[in-house]
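Quick notes on the structure that follows.
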Amino acid sequence: MDVSGIKSAFSFGGRRLRDVVGFDFGASGVRAVRLATGREGVVVSGVWSAEAPLTDPLVFPHEMRARAAAIAVSHPDAVARLLFIPRPASKLDDVPFADLLGIADPQAFRMAMEIAHSHASETHVLLAAIPETDAAAALHPFAQGIPAPQSLEVAGLAAINGLILCTPAIEEQSAILLDLGAEVATVAITTPRRLAFVRQFRIGANTIMKKLGERLGMDAETAREAVGGGVVDATEQIRAVFDPLTNQIILGRDFVSRRFNVRPDHVYVSGGLFRSPAWAQPLQVALDVGVTIWNPLADLPAASGALDAETVAEGCRFAAAVGAALGILENTPA
Amino acid sequence: MKLRVNLIAEKEVRDCSVVTPRFLIRLTGALVATAVLAVFGWVFIVSQQRATALKAEEWKWGRLESDFKQAQALSKRLRAAEFIVADLDVWRTVRHKWSDDLTAIAVAFPETLQLTDLSMTRATVIPAVVIPKSKPGAKPPRSPPPSPPEFRTSLRLTGVTSSPTAEDDVAGCRKIFTEHPFTNTVTAAVIPPGAFRQDPARNAGPNDRIFEISCTYRVITL
């Protein structure tokens with residue numbers, strides 16, 4: 001018997017969620033991070049990952065079962081984009097958002113939007129869309145019991161949101177925020193206290209590593225380990241394979257510079273590839289700005305015994321899961 | 001500045017609180033409060049309805065009170081009148097038709113007898129109530145209900161005769177009361193002992209006798 005309706009009716013206005021597990025359903029498996037808020041703020045109380053998709057919730061370890069779940073989904077067809085609509089926020093009803101996002105079949109996608117900024121003549125709308133089948137598959141393991149799903153986000157946006165929440169300095173500066181997933185790269189550019197650019201590109205770590213391996217005559221995994229570990233000096237090849245991504249970022253930066261008259265002076269990156277700092281080097285060179293790698297497991301305090309050094313070193317992989325969970329913790333009513 | 005776009009549908013969001021003692025206490029408290037409120041509400045509504053009904057009845061009573069008291073007085077008078085009528089009916093029922101008896105006596109009375117006195121007696125007797133004796137220390141027995149009064153009637157005939165067949169004539173005269181119309185009314189007609197005797201008058205002859213016949217009528221219970 002589902003008593004959630006009765007329970008919510010007697011929650012008397014809602015309670016702040018203090019224990020959330022964030023899930024990242026990605027191309028390379030499932031990653032989960034359990035976060036809890038205490039006197040010392042947000043604390044990591046558990047981390048879990050699996051290579052296979054999570055279809056049976058019973059395989060999920062008991063110590064990771066928080067009451068609430070925040071789900072992030074990455075998919076090549078997922079869309080996240082900041083649009084500038086030349087209308088006030090009250091007159092967006094007939095805007096063809098699906099067309100603007102390049103979605104041919106709107107029925108097959110689940111779309112949502114947040115108004116990032118609005119004034120009389122223009123509204124900045126942050127739009128996200130994921131295939132309905134992927135949304136249903138991600139929510140299926142959480143159809144009953146705990147953890148109970150509270151949010152469903154695009155993984156790239158969740159990761160960047162987590163990055164902003166963990167790095168308050170970003171609010172006051174113009175920065176490029178990059179989440180490099182296995183299949184998709186999400187780029188956001190900020191100006192002080194304003195979101196200026198958000199796009200997703202189908203240039204993921206897998207594509208970059210595949211091209212690098214082809215150039216070096218080795219498979220992608222070997223190229224990742226050899227170049228990332230500094231065994232092979234492949235500066236020119238790395239620059240070449242990163243060029244499509246850096247070019248897109250440069251285009252975005254130029255757009256922001258023209259439109260907002262602000263030039264981003266720092267890059268924050270997250271994603272599993274950046275477990276090795278060497279992969280941030282081509283971005284630093286191409287963009288000619290400082291690069292900071294966001295490792296959420298290193299940034300956030302951890303509960304005693306929750307993390308070991310090896311897991312912390314792998315923390316970049318959990319950016320989307322952490323970001324999704326932080327989004328819940330930050331958005332529940334006080 | 002947040003990049004959070006929540007794609008979950010409202011119906012897919014489930015409440016994530018577990019059933020805790022606190023929740024059960026709240027639920028129980030809410031149910032008890034609801035029950036208490038319902039009871040108080042019900043009592044309040046019923047009391048209001050009754051107060052309204054009472055006011056309406058009082059208003060009606062205010063209009064009917066004088067008529068009601070008048071009706072009560074009339075009813076009291078009616079009952080008294082009905083008692084009187086009932087008593088009169090009883091008396092009418094038990095009334096004895098002496099004319100029939102006297103006519104029958106006049107027709108059948110022997111010529112040799114001279115009637116000197118005829119007296120009729122009517123009496124209403126209330127039978128005594130016998131209260132049973134109670135044993136010492138025991139609860140006194142309940143006294144029986146009073147018996148209804150009895151209406152008793154008697155007739156006494158006194159006369160003289162000088163007939164040689166006086167004794168037979170007096171006996172024949174007594175026999176009148178065993179025949180119609182006395183058969184249903186007279187229970188006993190006797191010549192009291194010593195009532196048929198020599199006339200004690202000074203100038204009475206040897207054949208002059210006096211006699212007396214007493215008739216007792218059937219007792220009628222009122």
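Bear in mind these aren't lab numbers, they're just calculated from the coordinates by the rules spelled out. All figures in this text were calculated on a predicted structure; none of them were measured in a lab. Positions of Cβ are backbone-derived with ideal geometry, glycine not excepted, and every protein chain shown enters the neighbour counts.
Numerical summary
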| read-out | value |
| --- | --- |
| Burial ordering of B:I176, A:I176, B:I191, fewest other beta-carbon atoms within 10 Å first | B:I191, B:I176, A:I176 |
| Quotient of Cα Rg and 2.2 N^0.38 Å for chain B, N being how many residues it contains | 2.68 |
| Order by protection proxy (mean Cβ within 10 Å, highest first), peptides A:211-219, B:2-10 | B:2-10, A:211-219 |
| Choice from B:L157, B:L113, B:L24 with maximal GNM fluctuation in chain B (Cα, 10 Å cutoff) | B:L24 |
| Column: log10 I(q)/I(0), Debye, Cα scatterers of segment A:214-318, q = 0.23, 0.24 Å⁻¹ | -1.23, -1.28 |
| Sparse-neighbourhood loop sites, trypsin sites (Lys or Arg not before Pro) in segment B:45-88 - DSSP loop, at most 12 other Cβ within 10 angstrom | none |
| Nitroxide proxy distance, nm - points 7 Å out along Cα→Cβ at A:L83 and A:Q248 | 1.9 |
| Protection proxy ranking of B:38-46, A:181-189, B:136-144, A:297-305 - average other beta-carbon atoms within 10 Å, highest first | A:181-189, A:297-305, B:38-46, B:136-144 |
| Partners for B:K11 among aspartates and glutamates (Cα-Cα distance below 18 Å; same-chain residues under 8 apart left out) | A:D2, A:E132, A:D134, A:E153 |
| Convex hull per residue volume in Å³, alpha carbons only, for segment B:1-107 | 344 |
| Footprinting exposure proxy for A:H62, A:H117, A:H140 (fewest neighbouring C-beta atoms within 10 Å first) | A:H62, A:H140, A:H117 |
| More than 32 angstrom apart: percent of Cα pairs within the protein assembly as shown | 65 |
| Ranked list, fewest to most other Cβ atoms within 10 Å of each Cβ, for A:D233, A:D77 | A:D233, A:D77 |
| Backbone HN-Hα couplings from phi across segment B:57-64 [Karplus 6.51/-1.76/1.60, Hz, Gly and Pro as x] | 5, 5, 4, 5, 5, x, 7, 9 |
| Mean Cβ count within 10 Å, highest first, over the residues of peptides A:23-29, B:118-124 | A:23-29, B:118-124 |
| Aspartates and glutamates with Cα under 18 Å of A:K210, excluding same-chain neighbours fewer than 8 positions away | A:E183, A:D219, A:E221, A:E225, A:D233, A:E236, A:D243 |
| Shielding by other protein chains, A:148-156, mean Cβ within 10 Å | 5 |
| At R0 = 41 Å, FRET efficiency that the Cβ-Cβ distance of B:S134 and B:K97 yields, to 0.05 | 0.30 |
| Among A:S270, A:S49, A:S121: highest mean-square fluctuation, GNM of chain A, C-alpha pairs under 10 Å | A:S121 |
| FRET efficiency estimate (nearest 0.05) - Cβ-Cβ, B:I45 to B:F83, R0 41 angstrom | 0.25 |
| Rounded FRET efficiency, nearest 0.05, which uses the C-beta distance separating A:H119 from A:V285 and R0 of 30 Å | 0.20 |
| Distance (nanometres) between label positions extended 7 Å along Cα→Cβ at A:R239 and B:V190 | 16.7 |
| Label point distance in nm, A:R202-B:L54, each placed 7 Å from Cα along Cα→Cβ | 8.4 |
